[in-house]
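The values are calculated or read from the model by the stated rules, or taken from the named source; none is laboratory data. Not measured: the values here are computed from a predicted model. Ideal geometry is used to build each Cβ from the backbone, glycine not excepted, and the neighbour counts take in all protein chains shown. Ligands, DNA and RNA are excluded from the accessible area calculation, which covers all protein heavy atoms including side chains. Shrake-Rupley method; radii C 1.70, N 1.55, O 1.52, S 1.80 Å.
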Amino acid sequence: NGALDVQAVNIEENSNRTPVNYVLPPGVSRQTDPGQVQLVAQNEQSMVLKITNLAPKDARAVYKNVVYDMRQYKRLQMFVHAEKLPDFENIINGDLSCFIRLGSDLKDNYYEYEIPLVLTPSGTYSDKSPEDREKVWPKENMFDFPLSVLTDAKITRNKAKRAGNANMSNTIPYEIYDPENLDNKITVLGNPTLEDVQTIMIGVRNKSGREVSGEVWVNELRLSQFNEQGGVAAMANAALSVSDIAQVNVAGRLETAGYGSIESNVLDRNMDNAYQLSVSAALEAGRLFPEKARLHIPLYVSYSNETSSPDFDPLDTDIKLSETLDNYETKVEKDSIKEMANTVHESTSFSVTNLKVDIHSKKKNMFYDPANFSFSASYNKQAQHTPEIEQDITTDQKGSFN
């Protein structure tokens, strides 16, 4: 029979409401409206989750479909307020909890972080007083946790699962408590990833053993403290000419994880270490023989390699690859996983075009003169492997006689 009524509460309309009047959260200021000639402060508001007749262990929530990559941020924060309803005075601190659920879906693959709520006593509070603001928006209710506690919980579960613990499974919710705040609970189900958050849920759960009602305000859901680790990029090109015999070109490029241009934002920065190497040579091999041989041997050789080494595990995309490697003991295992995690494209080619002996008959050209015949051949090999493809090789061999 539990019911959820979603409303809004704001400073303009509810600064005198009862049993608790609305005040701004600590540290929050009202912005001015740039569309007004006069300085007019914009209205500041919160979302209200009004719960009535919620059964024990039951929950009600709101959700939003999004597309977020949260890996470059460190913390998630949100202000939360809780109070009794005038006609339902039977709840105490901890009877209600607020939770945030992040995942690719809301039922099978998600992280959840849950906080037991402290109730604000009835009264009139001053928006000018920092102390009153903290009473309406208690620190105990505030979501302020590192996102790493979510991925650490998944790593701990996966370790136990690999160790053969029969109680660990992707289909069973794994629950632990935040080591920084043992009152707050973390739940992992399935294989969620912060790289691709498609839904965010905010809800209220009844933690007591009886039916309860109450009102919860939530405000300023945000990510903070982005990853400030930078990267480097470099590019080099070299060309070498050996008279009219050979021309050699070498090019190299690298970009490491964390690199980004000056105008790029946090999410535009590299997530992978990229390496490129290209070598090519054009050679007139006939010049290596005596001039009397009259050999014409144009050769072309090239090799290129593009390697992408991910900063995050490609099969568990919000876990650092270094953290995955820490779960294995031997160097052979670690090297094998490193190699499988890389995406490598290699290209090798060799060709000889119009190879011939440029000799003609002395008196007049004859059809059997060596200069009338030429030979061409080419070899090209394309090879790649990725975390999903063990080996993909294409080889082309061609030859012609004219």
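Here's a check for you: in the stretch 73-84, which residue that is within 19 Å of PHE143 (Cα to Cα) and open to solvent by 10 Å² or more (accessible area, probe 1.4 Å) is farthest from the chain's Cα centre (by Cα)?
This residue is PHE79.
Just give me the residues in the stretch 12-27 being open to solvent by 20 Å² or more (accessible area, probe 1.4 Å), closer than 18 Å to LEU221 by Cβ and either hydroxyl-bearing (Ser, Thr, Tyr) or in contact (Cβ under 8 Å) with a residue 60 or more places away in the chain (or both), in sequence order.
Matches in the stretch 12-27: PRO26 only.
Pull up the stretch 294-326, narrow it to residues that are in a helix (DSSP H, G or I) and open to solvent by 40 Å² or more (accessible area, probe 1.4 Å), then point me to the one that is nearest to VAL279 (Cα to Cα).
Step by step, filter the stretch 294-326, then rank; the result is SER322.
Would you call ASP95 among the charged types (D, E, K, R), buried (at least 19 other Cβ atoms within 10 Å of the Cβ) and over 30 Å from GLN225 (Cα atoms)? Break it down stepwise before answering.
Numbers: among the charged types (D, E, K, R): yes; buried (at least 19 other Cβ atoms within 10 Å of the Cβ): yes; over 30 Å from GLN225 (Cα atoms): yes.
Considered against the rule, which asks whether it is among the charged types (D, E, K, R), buried (at least 19 other Cβ atoms within 10 Å of the Cβ) and over 30 Å from GLN225 (Cα atoms), ASP95 comes out as yes.
Here is a list: GLU291, GLU333. Which entry is among the acidic types (Asp, Glu), surrounded by fewer than 16 Cβ atoms within 10 Å (Cβ to Cβ), under 30 Å from ALA160 (Cα atoms) and without any contact (Cβ under 8 Å) to a residue 40 or more places away in the chain? Steps first, answer last, please.
Working: GLU291 fails: under 30 Å from ALA160 (Cα atoms).
GLU333 is the lone residue from the list that is among the acidic types (Asp, Glu), surrounded by fewer than 16 Cβ atoms within 10 Å (Cβ to Cβ), under 30 Å from ALA160 (Cα atoms) and without any contact (Cβ under 8 Å) to a residue 40 or more places away in the chain.
Looking only at the stretch 202-250, count how many residues are in a loop (DSSP other than H, G, I, E, B), farther than 20 Å from ILE100 by Cα and either out of contact with any Phe, Trp or Tyr (no Cβ under 8 Å at 6 or more places or on another chain) or not small (Gly, Ala, Ser) (or both).
Of the residues in the stretch 202-250, 10 are in a loop (DSSP other than H, G, I, E, B), farther than 20 Å from ILE100 by Cα and either out of contact with any Phe, Trp or Tyr (no Cβ under 8 Å at 6 or more places or on another chain) or not small (Gly, Ala, Ser) (or both).
Of everything in the stretch 28-51 that's modelled with pLDDT of 85 or more and β-branched (Val, Ile, Thr), which residue is most open to solvent (accessible area, probe 1.4 Å)?
VAL28
So GLU89 ticks every box in (1) more than 20 Å from LEU221 (Cβ to Cβ); (2) touching a residue at least 12 places away in the same chain (Cβ under 8 Å) but one. Which box is left unticked?
GLU89 satisfies all of (1) more than 20 Å from LEU221 (Cβ to Cβ); (2) touching a residue at least 12 places away in the same chain (Cβ under 8 Å) except (2).
Of ASN181, ASN206, ASN249, ASN237, which residue is buried (at least 17 other Cβ atoms within 10 Å of the Cβ) and touching a residue at least 12 places away in the same chain (Cβ under 8 Å)?
After ruling out the rest, the residue left standing is ASN206.
Quick check on the stretch 257-277: of everything there that is of a type in the set (S, T, N, Q) and either open to solvent by less than 50 Å² (accessible area, probe 1.4 Å) or assigned to a helix (DSSP H, G or I) (or both), which residue is modelled with the highest pLDDT? Full working, then the answer.
Taking the stretch 257-277 and keeping what is of a type in the set (S, T, N, Q), we get 261, 264-265, 270, 273, 276.
Then drop every residue that is not either open to solvent by less than 50 Å² (accessible area, probe 1.4 Å) or assigned to a helix (DSSP H, G or I) (or both), which leaves 264, 270, 273.
On the way: SER264: 81, ASN270: 87, ASN273: 92.
Filtering the stretch 257-277 for residues that are of a type in the set (S, T, N, Q) and either open to solvent by less than 50 Å² (accessible area, probe 1.4 Å) or assigned to a helix (DSSP H, G or I) (or both), the one modelled with the highest pLDDT comes out as ASN273.
Among the residues of the stretch 130-153, are any open to solvent by less than 70 Å² (accessible area, probe 1.4 Å), part of a strand (DSSP E or B) and among the aliphatic types (A, V, I, L, M)?
no
Just need a number here: residues in the stretch 104-129 that are in contact with a Pro (Cβ under 6 Å, 6 or more places away or on another chain) and surrounded by fewer than 14 Cβ atoms within 10 Å (Cβ to Cβ).
Result for the stretch 104-129: 1.
Please count how many residues of the stretch 347-402 are hydrophobic (A, V, I, L, M, F, W, C), exposed (fewer than 13 other Cβ atoms within 10 Å of the Cβ) and outside any strand (DSSP E or B).
Number satisfying all stated conditions: 3.
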